[in-house]
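One structure below.
The values are calculated or read from the model by the stated rules, or taken from the named source; none is laboratory data. Keep in mind it's a predicted model, so treat the numbers as computed, not measured. Using ideal geometry, Cβ is built from the backbone for each residue, glycine included, and neighbour counts are taken over all protein chains shown. Note: areas computed on protein heavy atoms with side chains; ligands, DNA, RNA excluded. Shrake-Rupley method; radii C 1.70, N 1.55, O 1.52, S 1.80 Å.
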Amino acid sequence: MEWVAPASYALNLHALPVLACAPLVVALGLFMLARERGSPVGVVYFLLMLAIGAWFVGIGVGYLALEVETARPWHRLAHVGVSFIPALALHFAWSFARPDARRRWQLAAVWAGSGAFAVLGAASSWYYGEPHRYPWGLYPGFTVYGVAFLVFFAATFVRLFSLLRRAGRGLHRTVTAIRRARLLAMAFAVGCLGSVDFVPGYGVAIYPFGYVPVAVSVVIATYIIVRYRLLDVTAELAARQILETINDGLFVLDQDGYIRVVNDTLLEIIGEPREALIGRRIPRALRQLLTPAELASIRAGVPMHNREIEYRRRDGTLLTLSFAMSVLRTGTSDPVAYVCVLRDISEQKRTESRIRFLAYYDNLTSLPNRQQFEEQVRRALVRAAHAQRMVALLFLDIDHFKRVNDTLGHMHGDALLQAIAGRLVGCIRKARPGAPEDSAVIARLGGDEFIAALYDLESQDDAARVAERVLAAVSEPVRLDAHEVSVTASLGISIYPYDGNDVEALMKHADAAMYQAKEAGRNSFFFYDRAMNATMLNRLAIEARLRKALENGSLSLHYQPQLALHDNEVQGVEALLRWNDPELGTVAPESFIPIAEDTGLILPIGEWVLRTACAQARAWLDAGIPLGRIAVNISGRQFRDRDLVARVRAALAAARLEPRYLELELTESVVMQDALHTRRTLAALKAMGVHLSIDDFGTGYSSLSYLRSFPIDTLKIDRSFVRDIAADADTEAIVSAIIAMARSLKLGVVGEGVETEAQRAFLLAHGCKRVQGFLYCEPLPPSELESWLRAQAMRAAP
């Protein structure tokens, strides 16, 4: 196109809006091209905007021309731009909708058509008619070939709208997909109104305002592309998005070591502004954490992976970072850049540290736990074996710690354990002056149990001295808020190599020695000995079999009658528990009942005894056998059970037995433990109609004032006093005093364990009304006692 002098143009206000739209659409195309670098769809969209801009420029400048020859080249430029709009618009929609690849020939055909019309419009003299002069300026005239282009334009856009409709009704149909497809269709539909600009070419004097809907269409389409991310995902686009969205800090160094790229995550991690990093070297605080060898390796192109470093920010915050670096190369050349990744693993390290602490330390006292204790002792035993030295294990248990928890609450109980743990640590260290700190370790096993190990001992006396200091330290009062608490401890000691060659055996034997200290009265320590271990093993065997006794039916009840002294009339029977185990044989009550008490097994066993005795009494009464009352012993653990009254009521109801036939026997020491609870429980049982008696009277301790206030019916003189009546004057005096006291308090008296005629005569002479013992009948199983009762009833009959 030849150069045209400026004098060929005139100021035309009608041309200015058209020309103003040209840079707008081209600018939007450039914006999308820059924003979506590398996206083919972005390139197509830019070319579409360029074609529309060429149309606007050609038409607008043509309006300004004063001569036909000057206007004709610009009109040809406008038509070249218009010719490519169908192909570019369809290509854009094709990339968005992604139809079947087999139909791609349609897109190729449209491109061929657009190219042909562009060539015709630019080169053929007969394509255009003579330009018309209108009030707004010169406008190109069109021939029949222009009609063919409009048909081509309409057909292309029909296909374009069908693609958009398909995109809105695809397999992955969502509200968003439908909305963006409809909006795009609306944008192109508005743009199609621009075809009104072709009307003046056929002689119709109408101002060509088609640039307005086309510009509006471009703005709407650009918004939809940005809003709904319609452009292709490319490597460049993905890299840029990943750089800003990954949770790791990332920066890129050039080959000279200067930072060129950083992401926002890195700035947040190290607490530096972007301008303090771009164009500078690695911050000194980071660079100093790498060794010279590591820096040399990096310069040599060797990647670094997951190097943990401690980094302190400017605000003083100390972070643990995982640092990695890789090298960027172009082919086999020298490194051109370094990609560095920083990950903040401070929280992860704190979590790992906490997990390690919980794995090896007690959370309450911060002392080593069982696992760490055992590991340390195993190593100490190896050293002791080589050095031929002794190792002592001290197993400690707080006496009656449960009372503190029950009385003051678990929070105060925990505070007490913490205070004792602190004392034990100091005591173990101070008790062996001159010994290194690693010559002893103390751990908490759980609950109120602690264990200490003393290494490199010369004699057992060293362990004894430490044990004395420990017991003294534990017994000192502890202030818990407004309470001052004093406790004691029981301690057992085992010695390597005498009491075991491994940590498991030593701990077991120290535990056994501790139990011996408890049985000896607590607040003391004992060394382990094998005889004691045999006793403990027997106890464990009894406990294990006792847990299965109810299931396998090896428990039973025998019954011993109680008779009136003056006429031998049966006034009741006492239920006595017996155990005949398949493996252990017959086990004496004094051997297994204390174990049942300690372990809590007495509760289910005691309930079974109560229900079985009530059912047996009901059976005898239904059979017409004179019975009186049936007496059942209640243990201390049972009596402290808050549900005792309900259990008694349930047992009576299940057996359909009237309460007046039941007598409950309690020991003297049990009754005196908690006066308030005792009074309430006894009152409830008495109100029910149950008979109450004190068993083994005289062997425990009692207060006569309490005894007088409790609703007791009977005192049972312990068999140990009855046995020594004929041989000991003091015993005779005690028995006489008990009978006299019972008479003054209007209580019944039963003499237990009567085996000789002399014992019977003494009790009768001093006013005892009722007795039981082998002199009359030994405890018998139900069937045998039933025969004895029938025979006794026949003997007593007139």
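Here are the numbers:
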| quantity | calculated |
| --- | --- |
| DSSP beta bridges in the chain [antiparallel fraction, %, rounded to 5] | 75 |
| Nearest-ten-degree value, helix 235-245 long axis tilted from longest Cα axis of the chain | 40 |
| Residue-level accessible surface for D622, protein heavy atoms, 1.4 Å, Å² | 90 |
| Computed helical MRE - 222 nm, the chain, DSSP H runs ≥ 4 contributing -39500 (n - 2.57), nearest 500 | -17000 deg cm²/dmol |
| Set of lysines near K716 by C-alpha distance (under 23 Å), chain-local residues within fewer than 8 positions excluded | K686, K746, K769 |
| Largest-first ordering by accessible area, 1.4 Å probe, given options Y455, Y207 | Y207, Y455 |
| Positive minus negative residues near W620 (Lys, Arg vs Asp, Glu; Cβ under 12 Å) | +1 |
| Hull-based mean projected area of region 591-640, where the convex hull spans the alpha carbons, in square nanometres | 4.0 |
| Globularity ratio of the chain, using Cα Rg and 2.2 N^0.38 Å | 1.88 |
| Sequence-distant lysines (8 or more away, or on other chains) whose Cα lies within less than 28 Å of K548 | K402, K508, K518 |
| Cβ-placed point charges (K, R +1; D, E -1), dipole of the chain about Cα centre in debye, nearest 20 | 4200 |
| Whole-number Å³ per residue for the convex hull built on Cα positions in region 517-585 | 169 |
| Fully extended contour minus Cα-Cα distance, from S669 to A653, at 0.36 nm per residue | 2.8 nm |
| Convex hull per residue volume in Å³, alpha carbons only, for region 450-507 | 91 |
| Computed FRET value (nearest 0.05) for V219 with W111, which takes r as the C-beta separation and R₀ as 30 Å | 0.70 |
| Rounded if a/c under 1.5, otherwise prolate or oblate - region 630-673, Cα gyration tensor axes | oblate |
| Helix axis angle, 675-688 relative to the chain longest principal axis, alpha carbon, degrees | 80 |
| Contour excess over end-to-end distance, with Cα ends at A359 and R182 and 0.36 nm allotted per residue | 57.6 nm |
| Rounded Å value of the spacing that divides the Cα centres of region 246-280 and region 439-458 | 53 |
| Shape category assigned to region 470-587 from the gyration tensor of Cα positions, a/c cut at 1.5 | oblate |
| Residue-count net charge about A10 - beta-carbon cut-off 13 Å; Lys, Arg +1, Asp, Glu -1 | 0 |
| Order by protection proxy (mean Cβ within 10 Å, highest first), peptides 49-61, 505-517 | 49-61, 505-517 |
| C340 accessible area, assembled protein chains, probe 1.4 Å, Å² | 0 |
| Estimated FRET transfer efficiency (S195, S162; beta-carbon r; R0 22 Å; 0.05) | 0.75 |
| FRET efficiency, 1/(1 + (r/R0)^6) with R0 22 Å, evaluated for A791 and A765 via beta carbons | 0.20 |
| Partner aspartates and glutamates for K349 [C-alpha distance under 13 Å; skip if fewer than 8 residues away on the same chain] | E308, E310 |
| Acute angle (nearest 10 degrees) that the helix 460-475 long axis makes with the longest principal axis of the chain, alpha-carbon atoms | 80 |
| Tail beyond 25 Å, pair distance distribution of region 293-417 (Cα, percent) | 62 |
| The chain, relative contact order in percent, only Cα pairs under 8 angstrom and at least six apart counted | 6 |
| Lys, Arg +1 and Asp, Glu -1 on Cβ, resulting dipole of region 611-713 about Cα centre, debye, nearest 20 | 380 |
